[in-house]
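Chemist: I'd like to ask some things about the structure below.
Computed from the coordinates by the stated procedures, all read-outs in this text should not be read as laboratory data. Here the structure is a predicted model, which means the values were calculated and not measured. Cβ atoms come from the backbone with ideal geometry, glycine included; neighbour counts cover every protein chain shown.
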Amino acid sequence: MKKINFKNILTTTFNKKSKIKKKLKKTVKKKTIIKKVAKKIIKKKRSKVSKGKIKKKEIINSSEIKTENLRIVKSNEQKPEIKKVKTQGTKKKEYKIKDYVVYPKHGVGQITEFKKISIGGIEVEAYILKFEKDKANGMIPVNKQFYLRPLATINQVNKCVSILKSKPKTKRSMWSRRAQEYEAKISSGKIYDLTEVVRDLNKGDDLMIDQSYSERQLFEKAYDRLLTEFQIVIGASLEDAQKKIDKALKRNLEAQKPQAPIKPKEKIAEVPEIVD
């Protein structure tokens, strides 16, 4: 067995500790030197400010001085100037007052007037829309009029009727996913997507088919928007436009059938009773 020299163990441990202490002292000295240099720089800047040579904004704080490999780096980066916009960029108006337009989120609306409104100190020129069905008013800036679309033409309406007559396309995916797709089609503002939703969610006069509340709600939303657009484009009454859509969807057929005139009942002549 080898003998253990406690003296050698103690000397090695003390030597290690002394080396660590020396390293710590060196790092402390370096930090103190850096702090002194930074203070000198700040004092020089402040003296120049007091004399009027440098503005107050150009004073370097001690936090802005970075130390990498014992070198002091000065941050001379300037912040970008924020320019306040007082007026909005003008654009040509594509629509006139009393024009009907389709706003994807709310459906068909009518432009009632133009207004200049200040929002956050910026003057904005906007269309004021009136939605008769919702009994609400809306506003959209002129520079974002690309969100609006004009009403469909008669040819597009006839194509929509042919889409309503075609077979519905139903998917086997989960209802939550299908509901999101239907909602996206309705809010897109495209008339063909809207007609597809009405066609796919239509159950007709079949009372045996169960329909959930959310499914019925989506159908009514799409149906009402399509009906209002049909009514304005065709220039017919609400009942006539509804009959046209229902005929294509094969809904309420019994109500649309012309009722035969009821003949008046013939009076039977009273026969006198014979008494024995």
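Chemist: Compute, for the stretch 154-256, the length of the dipole vector about the Cα centre, with Cβ point charges of +1 (Lys, Arg) and -1 (Asp, Glu) only. Units Debye, rounded to 20. It would help to have the intermediate numbers written out before the result.
Modeler: Details: 20 positive and 16 negative charges, 99 e Å.
For the stretch 154-256, the charge dipole is close to 480 debye.
Chemist: Rounded, prolate or oblate for the stretch 100-150? Axes are the square roots of the Cα gyration tensor eigenvalues, ordered a ≥ b ≥ c, and the cut-off for rounded is a/c under 1.5. Present the calculation step by step, with values, prior to reporting the outcome.
Modeler: Values: a/c = 2.29, a/b = 1.67, b/c = 1.37.
The shape class here is prolate.
Chemist: Gain in length, N143 to K92, computed as 0.36 nm per residue apart minus the alpha-carbon separation, to one decimal in nm?
Modeler: 17.5 nm is the gain from fully extending N143 to K92.
Chemist: Separate question: With label points built 7 Å along Cα→Cβ from the Cα atoms of D240 and K36, find their separation and express it in nm.
Modeler: 9.9
Chemist: A further question on this structure: With the crude spin-label approximation of a point 7 Å out along Cα→Cβ, what separation in nm comes out for A136 versus S187?
Modeler: Label-label distance for A136 and S187, simple model: 1.3 nm.
Chemist: Between S162 and S118, what is the FRET efficiency for a Förster distance of 41 Å, r being their Cβ-Cβ separation, to the nearest 0.05? Before the final figure, lay out the partial values.
Modeler: Numbers: r = 48 Å, r/R0 = 1.18.
Efficiency, rounded to the nearest 0.05: 0.25.
Chemist: For the stretch 154-256, what does the alpha-carbon gyration tensor say about shape, rounded, prolate or oblate, given a ≥ b ≥ c as the root eigenvalues, a/c under 1.5 as rounded, and a/b over b/c as prolate?
Modeler: Working: a/c = 1.88, a/b = 1.31, b/c = 1.43.
Here the stretch 154-256 falls in the oblate category.
Chemist: What does the charge count near P104 come to, summing +1 for each Lys or Arg and -1 for each Asp or Glu among other residues with Cβ under 11 Å from its Cβ?
Modeler: Numbers: positive: K105, R149, K185, K190, R225; negative: D193.
Summing Lys and Arg as +1 and Asp and Glu as -1 gives +4.
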